[in-house]
Every structure is written in structure tokens, then in C-alpha cells.
Amino acid sequence: MSTYEKAFLISGRNTLIHKNKKLDLIIVNEESDPVVVVTRNGVKKFDEKVPANRVEAKERYMEVVNVSGSEVFGETKILLFIQAINNKEYKIDYSKSDTDLFIRIHQESYI
């Protein structure tokens with residue numbers, strides 16, 4: 001059994017919960033979809049190069065989350081909800097990735 005603890009939790013069918021403020025989450029859905037970063041301040045598009053492996057990500061205080069991987073959801077998602085550490089829930093709609101509606105605040109306070 002691995003002693004590696006993930007910086008996120010999975011809740012339901014399409015919700016990720018960011019739980020470690022020291023690590024940013026890099027959310028990868030499909031290669032054609034834009035990459036998203038979850039920080040302690042919120043959610044935004046990620047314009048930098050995605051870390052190639054876990055070691056490189058750890059050096060940059062990041063964790064790469066492959067949404068379609070078997071350890072997360074096992075399929076690509078069109079709609080994804082993220083509960084960030086800043087007490088807000090964000091809605092990421094990959095069908096609107098080229099618009100301002102791609103990342104929106106879904107709930108101001110989820111607690």
C-alpha cells in the first residue's frame with residue numbers, strides 16, 4: 001500500500017475537492033481540452049507546460065489530476081465541479097471552453 005496522500009478528494013460523479021493548500025491541482029480532461037489549475041485562490045486556465053511526471057510536479061508544488069484516469073472518474077467529463085480551499089465551488093463546462101462561461105463560480109460558499 002502506498003503512503004502517498006493525494007491533494008484532492010472525489011465526491012460523487014463529477015466533483016473534486018481540493019484539500020491541500022500547499023499543492024496546486026492541474027486538471028487534465030482530454031488532450032483537446034484546456035488545462036485548468038486549482039490554487040488556494042481559485043480556479044483558472046493553466047497556460048504553462050504541464051509537468052511530465054509526479055517528481056517534476058512535486059518540485060513545482062503541483063499535482064496533476066487526469067480526470068479520465070481510472071483512479072479519478074474513469075471517463076472524460078463535460079461538466080466538472082471543483083470545491084476550492086477559498087470556500088467556493090466552481091463549475092467547469094468543457095463544452096464552453098472558448099467562452100467566458102468556461103469557468104464560473106457555482107456557489108459562493110459550499111460550507
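Bear in mind these aren't lab numbers, they're just calculated from the coordinates by the rules spelled out. None of these values were measured; they are calculated from a predicted model. Cβ coordinates were reconstructed from backbone atoms using ideal geometry, including for glycine residues, and neighbour counts include every protein chain displayed.
Values computed for the structure shown
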{"item": "Residue that is farthest from the chain's Cα centre (by Cα) [pool: residues in the stretch 86-111 that are among the aromatic types (Phe, Trp, Tyr) and assigned to a loop (DSSP other than H, G, I, E, B)]", "result": "Tyr110"}
{"item": "Qualifying positions in the stretch 70-107 - in contact with a strand residue (DSSP E or B) (Cβ under 9 Å, 6 or more places away or on another chain), loosely packed, with under 15 Cβ neighbours inside 10 Å and small (Gly, Ala, Ser)", "result": "Ser95"}
{"item": "Neighbours by Cβ (under 7 Å, 6+ apart or cross-chain): first from the stretch 6-35, closer than 13 Å to Tyr61 by Cβ; second in a strand (DSSP E or B) and hydroxyl-bearing (Ser, Thr, Tyr)", "result": "Asp24/Thr39"}
{"item": "Test for Lys44: is it among the basic types (Lys, Arg) and either in contact with a Leu (Cβ under 8 Å, 6 or more places away or on another chain) or without any contact (Cβ under 8 Å) to a residue 40 or more places away in the chain (or both)", "result": "no"}
{"item": "Qualifying residue in the stretch 24-33 (condition: under 15 Å from the mean Cα position of the chain (by Cα), surrounded by fewer than 18 Cβ atoms within 10 Å (Cβ to Cβ) and within 17 Å of Glu5 (Cβ to Cβ))", "result": "no"}
{"item": "Residue satisfying all of: in the stretch 34-65; over 10 Å from the mean Cα position of the chain (by Cα) and among the β-branched types (Val, Ile, Thr); surrounded by the most Cβ atoms within 10 Å (Cβ to Cβ) among these", "result": "Val50"}
{"item": "Residue satisfying condition, being touching a residue at least 60 places away in the same chain (Cβ under 8 Å) and not hydrophobic (A, V, I, L, M, F, W, C), within set Gln107, Gln83", "result": "Gln83"}
